[in-house]
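Engineer: Have a look at this one before I ask anything.
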Amino acid sequence: MDKIIFPAQRLAGVVRLPGDKSISHRYAMLAAIAEGVSRLENFSTGADCGSTLACLREMGVPIASDNVTVSITGVGLNGLQAAARSLDAGNSGSTIRMLSGILAAQPFQSEISGDASLKRRPMGRILDPLTKMGANIEARDGNFPPLRIRGAPLRGIDYQLPVPSAQVKTAILLAGLYAQGPTTVRESVPTRDHTEIALREFGAGIQVQGQCIRLEPRPALRAGSFFVPSDLSSAAFFLVAALLIPGSDVVIKGVGLNRTRSTLLDVLLSMGAELAISQVRHCHGEPIGDVAVRSSPIRGGVIQGATTAAVIDEIPVLAVLGASSENGLVIENAAELRVKESDRIATVVDNLQRMGVKARAWQDGLEIPGKSRFHAAEMDSFGDHRIAMAFAVAALAADGPSVIHRAEAASVSFPEFYQMLDTLRAD
């Protein structure tokens, strides 16, 4: 699908975004192996989380949805059934990596795969720890989907994450629910801690001391009612759009403000963004609040080290903001971008150059010059939802109508994105 994006004169209004994708995945998986009925309000509407629900249904988990709340009848730790066919994770790296931790402990064989993009994404980072726990997993060329998983008795391990990855941490912890003996995961760089919070809320015995997480095995997980905060990664596109377009004033309601995710707000503030956070409260262990943003002069800067890891999903739209900043933006230590839904270093630079921005890339980073003007262009999402949305935001500041090819990629995480963006136009 091609999407024409017209320049905006001003953005203004109040929006409430769909539920956080990362939290939705985790709630769904834990609800499926809990005992009782869980109600998940404001569950993500994205196709990725739909893939997780579809995989759970294939294994006999009763799931109902009314477009506002997802109800999941848990089957307990030992209640999953062998699927009649290969599980389809679609485009969702979260689904295939995290669910593999549960599948590794089941008394049956499973196969899980996905679309062409997912089949190019490396799985070695989960294969290593799960194999150390006793799992029997085969992957194409030893690293890529489809994964063939023969369930086996697992043992707890003490594992140091070689690279920061919340998905890998989650796969290990979910497998650890079934293990003989406790499981410990150690991080050198903190990653999003939604799994630790959700496990505690569902009744698991988990201790977090600094960057060391210890999980006790075989808990009786309790069903419950949960509200999913709005997705801060989705909010990033609206925050940057408001900062880019002069005279804009936007409020985003009920946004997740988890400390392992809110580095995005710290980065924006450090670059000169005018942001205000209000109505902060906690919901099922997760902090949420309202975020107000006004167009502001942006200085630019350098994103590197642990900060890069913390905002890795927001890099594409931050690169767009960097192009309009006073001093430009340098992003370092971002090799992880090469193995996302697209090679995001390459696709960001490609689309920026199409719009006349003289960005350049190297193996693990990119440099975007400041004071750039966005020229109307035809751009490609490369099948990547975050690339589609980032350059729809850039197109708002262009000198004429732009076209996003394969714009439907946004539906992976945010089907309502273009409609919500349009509702904020105050032209």
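Engineer: Got a number for residues in region 42-60 being within 15 Å of GLN81 (Cβ to Cβ) and surrounded by 24 or more Cβ atoms within 10 Å (Cβ to Cβ)?
Structural biologist: Residues meeting the conditions: 2.
Engineer: Quick check: is even one residue across region 201-223 touching a Ser or Thr at 6+ places or on another chain (Cβ under 6 Å) and among the hydrophobic types (A, V, I, L, M, F, W, C)?
Structural biologist: Looking through region 201-223, at least one residue is touching a Ser or Thr at 6+ places or on another chain (Cβ under 6 Å) and among the hydrophobic types (A, V, I, L, M, F, W, C).
Engineer: Could you please find all residues in region 280-298 being among the basic types (Lys, Arg) and under 30 Å from PRO369 (Cα atoms)?
Structural biologist: Of everything in region 280-298, just one residue is among the basic types (Lys, Arg) and under 30 Å from PRO369 (Cα atoms), namely ARG294.
Engineer: Do we have any residue at all in region 179-191 that's under 28 Å from THR45 (Cβ atoms), at pLDDT 95 or above and in the same structural domain as GLY74 (by TED's automatic domain parsing)?
Structural biologist: The answer is no, given that none of the residues of region 179-191 is under 28 Å from THR45 (Cβ atoms), at pLDDT 95 or above and in the same structural domain as GLY74 (by TED's automatic domain parsing).
Engineer: Also, quick follow-up: Sort out which residues of region 224-257 are part of a loop (DSSP other than H, G, I, E, B) and out of contact with any Asp or Glu (no Cβ under 6 Å at 6 or more places or on another chain), and write them in order of number.
Structural biologist: Going residue by residue through region 224-257, those that are part of a loop (DSSP other than H, G, I, E, B) are 224, 228-229, 231, 245-248, 257.
GLY224, ILE245, PRO246, GLY247, SER248, LEU257 - these are the residues of region 224-257 that are part of a loop (DSSP other than H, G, I, E, B) and out of contact with any Asp or Glu (no Cβ under 6 Å at 6 or more places or on another chain).
Engineer: Same structure again: Examine region 397-411 for a residue that is assigned by TED's automatic domain parsing to the domain that holds GLU332, within 25 Å of ASP231 (Cβ to Cβ), modelled with pLDDT under 95 and buried (at least 23 other Cβ atoms within 10 Å of the Cβ), and state whether such a residue exists.
Structural biologist: There is no residue in region 397-411 that is assigned by TED's automatic domain parsing to the domain that holds GLU332, within 25 Å of ASP231 (Cβ to Cβ), modelled with pLDDT under 95 and buried (at least 23 other Cβ atoms within 10 Å of the Cβ).
Engineer: Quick one: in region 133-181, which of the residues that are among the basic types (Lys, Arg) and part of a strand (DSSP E or B) is nearest to VAL311 (Cα to Cα)?
Structural biologist: Of region 133-181, the ones among the basic types (Lys, Arg) are 140, 148, 150, 155, 169.
Filter once more, keeping what is part of a strand (DSSP E or B): 140, 148, 150, 155.
Working: ARG140: 30, ARG148: 32, ARG150: 35, ARG155: 33 Å.
Applying the filter and picking the extreme gives ARG140.
Engineer: Moving on. Anything in region 154-167 that is at pLDDT below 95 and in contact with a Pro (Cβ under 9 Å, 6 or more places away or on another chain)? List them, or say none.
Structural biologist: PRO164, the sole residue that qualifies.
Engineer: Given ALA273, ALA319, ALA292, ALA359, which one is modelled with pLDDT of 95 or more, surrounded by 15 or more Cβ atoms within 10 Å (Cβ to Cβ) and over 23 Å from VAL255 (Cβ atoms)? Before the answer, list the steps.
Structural biologist: On the way: ALA273 fails: over 23 Å from VAL255 (Cβ atoms); ALA319 fails: over 23 Å from VAL255 (Cβ atoms); ALA292 fails: over 23 Å from VAL255 (Cβ atoms).
After applying the criteria, what remains is ALA359.
Engineer: Do we find that SER188 is more than 21 Å from VAL61 (Cβ to Cβ) and crowded, with 19+ Cβ neighbours inside 10 Å in this structure?
Structural biologist: For SER188, the condition - more than 21 Å from VAL61 (Cβ to Cβ) and crowded, with 19+ Cβ neighbours inside 10 Å - is not met.
Engineer: Now a separate question. Go through region 7-35 and report how many residues are under 25 Å from ARG261 (Cα atoms) and among the acidic types (Asp, Glu).
Structural biologist: Summing the residues that are under 25 Å from ARG261 (Cα atoms) and among the acidic types (Asp, Glu) in region 7-35 gives 1.
Engineer: When only residues in region 404-427 that are in a loop (DSSP other than H, G, I, E, B) and of a type in the set (A, V, I, L, M, F, W, C) count, which is farthest from the chain's Cα centre (by Cα)?
Structural biologist: ALA426
The values are calculated or read from the model by the stated rules, or taken from the named source; none is laboratory data. What you are looking at is a predicted structure, and each value in this text was computed from that prediction instead of being measured. All Cβ positions, even for glycine, are placed from backbone atoms using ideal geometry, and neighbour counts span all protein chains on display.
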